[in-house]
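Quick notes on the structure that follows.
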Amino acid sequence: MPEALPLEYEIPLQATAGRRGPIGSPILYFSEIGSTNDEAARLADQGAPEGTTVVAAAQTAGRGRFGRTWFSPPGAGLYVSVVLRNRRAAPLLTLAGGVAVAEGIRTATALPVEIKWPNDIVLDSGLGRRRKVAGILAEASTNLDRVQHVVLGIGINVRESAYPADIADSATSLEGELGREVDPGSVLAECLAALATWLRDLAAGDSSAVLNRWIELAPSASGTRVEWNTAGGLRTGVTAGIAADGALVVRTRDDVEHIRSGPVRWL
Ligand code: BTN
């Protein structure tokens, strides 16, 4: 059962109500849940409207891309999922989600986070070292190839935690980077407000603004060496922006590849 929304969320959400459109209304809060994405999908299947948002203080089965676990201990992060229904916006929701979270974190904390394709939110600590502070998992439900809804799941590491060994070197948190306390309610409210802005553009058929903003926020999407696995073996190349469908464009020695899914390693 959802619980009362803590005041630390309630106040900044009220302050941004005029900029959030339908995003974050209603908002359902759980002190602990399996996965906010599962709860949002269940609500969407029951007809929950565009913008319905699920927030939890902890997840016992938080998941990331490629079936990975999303480390979600109590009080350490923001674990949020938003129900989206606009079919025009659906193809670029993953990128729009990355832009919104990067902008929300920048507005609320002034940390100069960047996007790493497709939608990892990272801090570049120089020499090619990027530590991840947030991730986005968009999960679509389709019927006869028509998108019924998309659940946009957002995980943000707010407080420092004892990260599991497999992510200890690559994960960081807002407070760890800033060396001071961060108000999670403001981060949540600014991310949702930014999401509302970009969704309006996508719903109106304007995808170029989102793509351009994504490129501005993702310097590693141009001129960075990457490698990835294919059925034919390991490939390497240099990033050369993104295509109109959000694919990562990579120049190899003798070709130009469009990568649409699968892990890419940044060298
Ligand atoms: C990734 O970078 O792999 C995506 C991580 C997405 C994690 C969030 S936390 C809220 C929502 N619920 C989940 O189970 N996953 C997403």
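Descriptive notes on the structure:
- Relative contact order %, segment 183-267, counting alpha carbon pairs below 8 Å whose residues are six or more apart: 21 percent
- Relative contact order for the chain, counting Cα pairs under 8 Å that sit 6 or more residues apart, in percent: 19 percent
- Here's how it looks for ALA171: its modeled amide H is under 5 Å from those of LYS132, which are all 5 or more places away or on a different chain.
- Once the Kirkwood radius over Cα pairs is known for segment 14-125, the Stokes-Einstein relation at 20 °C and 1.002 mPa s delivers a diffusion coefficient of 141 µm²/s.
- Once backbone amide H atoms are built at 1.01 Å from N, ILE242 has VAL249 as its partners under 5 Å, excluding neighbours fewer than 5 places away on the same chain.
- Karplus-derived HN-Hα couplings along segment 235-246 (A = 6.51, B = -1.76, C = 1.60, θ = phi - 60°), whole Hz, x at Gly and Pro: 10, 10, x, 10, 5, 9, x, 10, 8, 4, 8, x
- Computed Kirkwood radius, in angstrom, where 1/r is averaged over Cα pairs of segment 144-267: 17.7 Å
- Each peptide among 135-144, 251-260, 110-119 gets the average number of other Cβ atoms lying within 10 Å of its residues, and from highest to lowest they stand as 110-119, 135-144, 251-260.
- Relative to the longest principal axis of the Cα atoms of the chain, helix 36-45 runs at roughly 70 degrees.
- Each eigenvalue of the Cα gyration tensor of segment 87-177, multiplied by 5 and square-rooted, gives one semi-axis; in descending order these are 28, 14, 11 Å.
- For segment 89-96, the Karplus equation 6.51 cos²θ - 1.76 cosθ + 1.60, evaluated at θ = phi - 60°, returns couplings of 7, 3, x, 10, 5, 4, 5, 4 Hz by residue, with Gly and Pro reported as x.
- Report summary: the helix-based calculation at 222 nm, which adds -39500 (n - 2.57) for every DSSP H run with n ≥ 4 and divides by the residues of the chain, gives -8000 deg cm²/dmol.
- In order along segment 198-211, the Karplus-derived 3J(HN,Hα) couplings, from 6.51 cos²θ - 1.76 cosθ + 1.60 at θ = phi - 60°, round to 6, 5, 4, 4, 5, 5, 7, x, 9, 9, 5, 5, 5, 4 Hz, and Gly and Pro are given as x.
- Grouping the Cα pair distances of the chain into 5 Å bins from zero gives a pair-distance distribution of 1, 6, 13, 18, 20, 18, 13, 8, 3, 1, 0, 0 percent in increasing distance order.
No value in this document is a laboratory result; all are computed from the given coordinates. These figures come from a predicted structure and were not determined experimentally. Cβ sites come from the backbone with ideal geometry, for glycine too, and all protein chains shown count toward neighbours.
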